[in-house]
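Peer 1: Structure below; questions to follow.
The values are calculated or read from the model by the stated rules, or taken from the named source; none is laboratory data. If you're wondering where the values come from, they're calculated on a predicted model, not measured in any experiment. Cβ sites come from the backbone with ideal geometry, for glycine too, and all protein chains shown count toward neighbours. Surface accessibility is based on the protein's heavy atoms, side chains included, excluding ligands, DNA and RNA. Shrake-Rupley method; radii C 1.70, N 1.55, O 1.52, S 1.80 Å.
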Amino acid sequence: MLAPLVAMLLQATAPQASAPSARPAAPSDTTVADSLDRAGGRRRPRKPPKRIAVTPEHLASAYRDAGARPLLLLARTARMHQDSALQAYDATTYQRISAGLGFSKLGRDRLAFRSETATRVRWRRGVGAYVDVTGARSVIPIAGKSGSAHMEGEHSPIPYFPGSETLWIGSSIAREAVDENDGIVNPIADGSEAYYTFETGDSVTFRLPDSRTIRLRELKVRPRMPSWRLAVGSLWFDMSDGHLVRAAYRMSVPMDMKTVAEEEDSTAFKDVPAWVKPMMFPMTAQVSAIGVEYGLFQGRFWLPRVQVAEGSATVGFMHLPFKLEQKFQYDRVNAGDALPPIPVSADSSRPAGLDINVGIGDADQPKTARDSARARRQAVRMKCDSTGNRTFTRHREGAPNRIFVRVPCDSARLANSPDLPPSIYDKADEVFGGAEMDALVSQALSMSTQARYAPQLPVLNALNPRYNRVEGLSLGGRVDQELGDGYSAHALGRIGVADREPNLELTGARSDLRRTLSLTAYNRLVSAGDWGNPLSLGSSISAFLFGRDEGFYYRASGVELASTPDEPSGGAFTWGLFAEQQRTARQRTTFSLARALHGSTFEPNLEAERGTYYGFRSRWTNAFGLDPQGFQLFSDARLEGARGDTATYGRAALDLTASHGIGNGAAALTLAAGSGMGTVPAQRLWYLGGVQTVRGERPGAAVGDAFWLARGEVAYGLEAVRPVAFADFGWAGDRRHWRDMTLTGLTTGTVTGRPMSGVGVGATLLDGLVRFDVARGLYPEKQWRVDTYVEARF
C-alpha cells in the first residue's frame with residue numbers, strides 16, 4: 001500500500017524524454033497506478049481526465065493581489081514552452097536515496113537502505129540522452145552482509161529534456177491541464193484556480209556580468225482545502241520569461257493510504273483479518289518538504305541544479321522516513337559532439353532492476369508467465385559485452401526521445417568511484433548545499449504556511465490492542481479529522497476488560513508536517529518508567545504470554561500543551577506543559593499464559609502518591625553516525641519539574657550509547673545517570689531492572705530518586721542476525737546514599753554494598769530492531785530470564 005508514495009518518488013527519479021517540439025501538445029494523462037502497472041508488466045486503460053471545473057467564483061477568489069494572476073499566467077506559458085535554442089548539454093549527476101525503519105519516532109536512527117548513483121549525461125535535442133554510469137553503490141545496513149540491492153542506472157535522473165516538469169511534482173512529463181488522476185494537482189497547470197489561491201511575495205534582483213538585471217518574484221501557493229493531493233509553499237519565477245527558478249513546498253496534509261486505496265477499490269482491505277487491521281493502521285504517507293533550485297547558464301537557460309524531497313510513511317507501529325537528493329553540474333551547454341540515434345529493443349519500455357510489486361495480478365497473463373518474462377528482460381540487461389559494460393535503452397510509450405544507459409560490469413569499480421563521496425554514510429551536506437536548502441524550506445514552510453480552513457470527513461481507525469496487569473485486555477479506537485489551516489482534531493478512547501476505567505483523550509493540534517503543537521485533555525494510564533514502552537503491542541504480547549509486564553503504572557487526568565517533531569532527523573526535541581491529577585492504578589488482573597501453565601506472577605505495581613501537579617517535561621534525543629561498523633552515538637536527555645499540592649520536585653537524566661565496529665563484529669557501551677530534587681513522588685522515581693536497564697533482574701529491583709547505569713555489549717558477525725554477549729550494572733536509591741549503594745526494591749527489600757548486576761547472551765536482529773536475550777541475574781537476585789523485545793540500544 002506504499003505504492004502511491006513510491007510511484008511519485010520513482011517518477012521523479014526516472015524521467016522520460018518527450019517529443020522535441022517547440023510547444024508539445026499535452027500528452028494523455030497517466031495515473032500513478034498506470035505507472036506502477038507498466039513497471040510491473042500490467043497495462044490498464046488510461047482514465048479520462050478528472051478535474052474541478054473553474055468557475056467565475058474560483059477566478060474571483062484565486063488571486064489575493066493584483067500581481068498574482070499575471071505572474072501565474074507567465075509561469076504557465078513558460079512551463080509548456082520549450083526554448084528551441086537549447087540544443088545540447090553535457091552534465092554530471094549525483095543521486096542519493098535513503099530510507100529508514102523503526103518502531104518509534106524518537107528512537108535511534110536506523111538506516112534501512114541507501115543508494116548512490118553518479119552519471120555522465122549527454123543530451124541532444126531530437127536524439128535523446130546517453131547516460132554513462134560512473135559510480136553506483138547500495139547498502140542495506142540493518143541487514144549487514146546478508147543484504148544486497150542493485151539499482152545501477154535503472155533510475156538515474158536526467159536533468160532536463162523537452163517537456164519535462166519544471167516543478168518536479170508528481171510526474172516527469174509536464175501536463176498542460178490539471179488532472180487528479182495524476183495524484184498530485186500541479187499548482188501551475190491550467191485549471192489550478194479551482195484548487196489553489198495565489199499571492200505574490202518577496203522579490204530579489206541581481207545583476208549578471210554582462211550588466212543585465214534578473215528579477216525574481218515569489219508566488220505563494222495555498223490550497224483551498226486540506227488534501228494530500230495539494231501542495232503548499234512558495235515558487236520563485238524569473239520575471240522576464242516566467243521560468244521557475246526555485247521552489248519550496250510540501251503536501252498540505254498526510255495521505256491516508258487506506259482511504260486512497262478504498263477510493264480506488266472498496267474491497268481493498270476486505271480480505272485482511274479483523275485482528276490484523278489494528279496492527280496495519282493508521283497507514284499514512286507524507287511528503288514534508290521538497291526543495292528545487294535552478295541555475296542560469298549562458299545568461300539564458302535555467303537548468304536544475306539541486307532537487308531534494310523528504311518525508312515518511314507510517315504503517316501501524318512502523319515508521320519509515322525517506323529522503324531523495326539529486327545534484328546536477330553542467331560541463332557544457334549548447335556544445336558537444338554529435339551523437340548517433342539511439343536504438344530501441346522490443347522490451348526497452350519495461351524497466352528492470354527495481355521491480356515494484358503491489359500485489360495486483362494481471363488478468364491477461366498468469367503470474368508465472370509474468371515472472372518468466374521479467375527474468376528474461378533482467379537477464380538481457382545484466383549481460384556484459386566485450387568492452388566490460390552492459391547497455392540498455394530506457395524508453396516508454398508516448399516518449400519518443402530515448403535514454404541509452406551504459407553501466408560497467410565491474411561493481412567494485414563503481415562502488416569506489418571518485419565521483420561518489422568517500423563513504424556512503426556521509427551526510428553530504430556540502431554536496432547538496434544542505435544549509436541553503438534548509439533555510440529555503442524553513443522560510444517558505446513555516447507553521448503559518450497552510451491550506452485554507454475547510455473541515456474534511458473524519459477517519460476512524462482501531463487502536464492496537466494492549467495487555468497489562470492493570471487493564472487486562474484493552475481495546476479502543478481513534479477518530480482523526482483534518483480541519484484545514486494546519487489544524488486537526490483527534491479523539492481516542494479505549495477501555496480495559498479488567499479495570500473498566502475509560503481512557504479518553506481529546507486533542508486539538510496544528511502541524512506543518514515537521515512539528516506539531518497540540519493541546520490535549522486526557523484521562524490515561526501512564527508508565528512511570530523512563531525506558532522502553534510498556535504500553536506498546538510488543539510489550540503487551542510479552543505480558544500476556546510470559547507474565548512479563550515491565551511497566552509501573554499510575555493514572556493521570558489533566559491537560560497538556562506539547563510540541564513534538566513529525567520528522568526527527570538525527571535530533572528531536574519535545575516539550576510539554578501539564579496540569580494533571582496523579583493517582584494509583586490498581587492491579588486488576590493476575591492472568592497470563594505463563595501463570596496458567598506454571599504459576600508465574602506479575603511484579604507488584606507501585607503505590608502512587610495522589611496529588612495535583614503543574615509543571616513541564618522535555619526530552620532531547622540526538623544521533624550521530626549511520627554506519628553499523630563505524631562510530632555511532634545516541635543520546636537521550638530528559639528534564640522534568642512540577643509543583644504539587646503535596647510535593648514539589650525536579651528530575652534530570654542523560655543516557656549515552658556509543659558503538660563501533662571491531663574486526664568481524666562490534667561493541668557498545670551505555671552510560672546513564674540521573675537525579676531528582678525536592679520530594680519526588682513514587683510515580684516519578686527511577687525504576688531499574690528488566691530488559692532496558694539491568695537484564696536478569698526483575699523490573700523494580702531497585703527504585704529511587706537517583707540512579708546510574710552501565711551496560712557493555714559485544715556482537716559477533718556482520719549479518720542481519722548477530723550473537724551478542726553483555727554485562728549490565730546499575731544502582732537506584734536515595735540520592736543521599738549513592739556512595740554506599742543502598743538498594744531498595746519493590747520485591748527485593750533493602751540491601752547494601754553492591755550495585756545490581758546481570759550478564760547474558762542473546763541475538764540482535766536488524767541492528768537492534770528486534771532483540772532476544774537469555775540473562776542471568778547476579779545481584780541482588782540470582783535468576784534466569786528470557787526476553788524478546790524491540791528497539792534495543794544495540
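Peer 1: Which of the GluC sites (Glu not before Pro) across the stretch 586-650 are loop residues per DSSP, with 16 or fewer other Cβ within 10 Å?
Peer 2: Glu607
Peer 1: On the protein heavy atoms, probe 1.4 angstrom, tell me the percent of accessible surface of the chain carried by carbon and sulfur.
Peer 2: Carbon-and-sulfur percentage of accessible area, whole number: 58.
Peer 1: When you count, for each residue, the other Cβ atoms within 10 Å and take the mean per peptide, how do 69-77, 132-140 rank with the highest first?
Peer 2: So the peptides 69-77, 132-140, ranked by packing, come out 132-140, 69-77.
Peer 1: In deg cm²/dmol and to the nearest 500, what is the mean residue ellipticity at 222 nm of the chain if only DSSP H runs of at least 4 residues count, each as -39500 (n - 2.57), divided by the residue total?
Peer 2: Rounded to the nearest 500, the figure is -3500 deg cm²/dmol.
Peer 1: Next question. Run the reach check for Lys427 against aspartates and glutamates, Cα to Cα strictly under 12 Å, same-chain hits fewer than 8 apart removed. What comes back?
Peer 2: Once the sequence-local aspartates and glutamates are set aside, what remains near Lys427 is Glu325, Asp627.
Peer 1: If a/c stays under 1.5 just call it rounded; otherwise compare a/b with b/c (prolate if a/b is bigger, oblate if not). Do that for the stretch 572-670, with a ≥ b ≥ c from the square roots of the Cα gyration tensor eigenvalues.
Peer 2: Oblate shape, in that a/c is at least 1.5 and b/c is the bigger or equal ratio.
Peer 1: Which net charge results for the neighbourhood of Tyr554, defined as the other residues with beta-carbon distances under 11 angstrom from its beta-carbon, given Lys and Arg at +1 and Asp and Glu at -1?
Peer 2: Overall, the nearby charge balance is +3.
Peer 1: Now for a separate question. Can you give me the Cα centroid spacing of the stretch 644-710 and the stretch 563-620 in angstrom?
Peer 2: Their Cα centres are 15 Å away from one another.
Peer 1: Another question, then. Per residue, what accessible area does the chain have, given a 1.4 Å probe and all protein chains present, in Å²?
Peer 2: 42 Å²
Peer 1: Sort the following peptides by mean Cβ neighbour count (other Cβ atoms within 10 Å, averaged over residues), highest first: 529-541, 776-788.
Peer 2: Answer by packing, highest mean first, reads 529-541, 776-788.
Peer 1: In the full protein assembly as shown, how much of Arg305 is accessible to a 1.4 Å probe, in Å² to the nearest 10?
Peer 2: Arg305 exposes around 90 Å² with every protein chain in place.
Peer 1: On a straight-distance basis, which lysines could pair with Lys258 in a cross-link, Cα separation under 26 angstrom, same-chain partners fewer than 8 positions away excluded?
Peer 2: The reachable lysines, counting only those whose Cα sits under 26 Å from Lys258, are Lys47, Lys50, Lys105, Lys270, Lys277, Lys323, Lys367.
Peer 1: Rounded, prolate or oblate: which fits the chain when a ≥ b ≥ c are the square roots of the eigenvalues of the alpha-carbon gyration tensor, with rounded for a/c under 1.5 and prolate only if a/b beats b/c?
Peer 2: Taking the square roots of the gyration eigenvalues as a ≥ b ≥ c, the chain is prolate.
Peer 1: Then there is this: Which of the trypsin sites (Lys or Arg not before Pro) found in the stretch 172-253 are loop residues per DSSP with 16 or fewer other Cβ atoms within 10 Å of their Cβ?
Peer 2: Taking the stretch 172-253 and a limit of 16 other Cβ atoms within 10 Å, the loop trypsin sites (Lys or Arg not before Pro) found are Arg212.
Peer 1: Something else now. What aspartates and glutamates could a cross-link reach from Lys220, if we take a straight Cα to Cα line under 12 Å and drop same-chain neighbours fewer than 8 places away?
Peer 2: Within reach: Asp65, Glu199, Asp202.
Peer 1: Mind listing which trypsin sites (Lys or Arg not before Pro) in the stretch 546-646 are in a DSSP loop and have 16 or fewer other Cβ atoms within 10 Å?
Peer 2: Here the trypsin sites (Lys or Arg not before Pro) that fit, given the DSSP loop and packing criteria, are Arg586, Arg610.
Peer 1: Given the whole protein assembly as supplied and a 1.4 Å probe, what does the accessible area of Phe113 come to in Å², nearest 10?
Peer 2: 50 Å²
Peer 1: How far is helix 68-80 tilted off the main Cα axis of the chain, in degrees rounded to 10, range 0 to 90?
Peer 2: Helix 68-80 sits roughly 70 degrees off the main axis of the chain.
Peer 1: The stretch 500-551 to the stretch 207-271: how many Å between their Cα centroids?
Peer 2: Centre-to-centre distance over Cα atoms comes out at 35 Å.
Peer 1: Could you tell me how many degrees, from 0 to 90 and to the nearest 10, lie between the Cα long axis of helix 434-444 and the main elongation axis, the longest principal axis, of the Cα atoms of the chain?
Peer 2: It is inclined by approximately 90 degrees.
Peer 1: Sticking with this structure for a sec: Let me check something: with ligands and nucleic acids excluded, how do Phe297, Phe602 order by accessible area (1.4 Å probe), largest to smallest?
Peer 2: Result of the area sort, largest leading: Phe297, Phe602.
Peer 1: For Met447 and Thr601, calculate 0.36 nm times their separation in residues minus their Cα-Cα distance, and state this gained length in nm to one decimal.
Peer 2: Roughly 50.5 nm would be gained on extension.
Peer 1: For every other residue with a beta carbon closer than 13 angstrom to the beta carbon of Arg711, add +1 if it is Lys or Arg and -1 if Asp or Glu, then tell me the sum.
Peer 2: Surrounding charge for Arg711 is -2.
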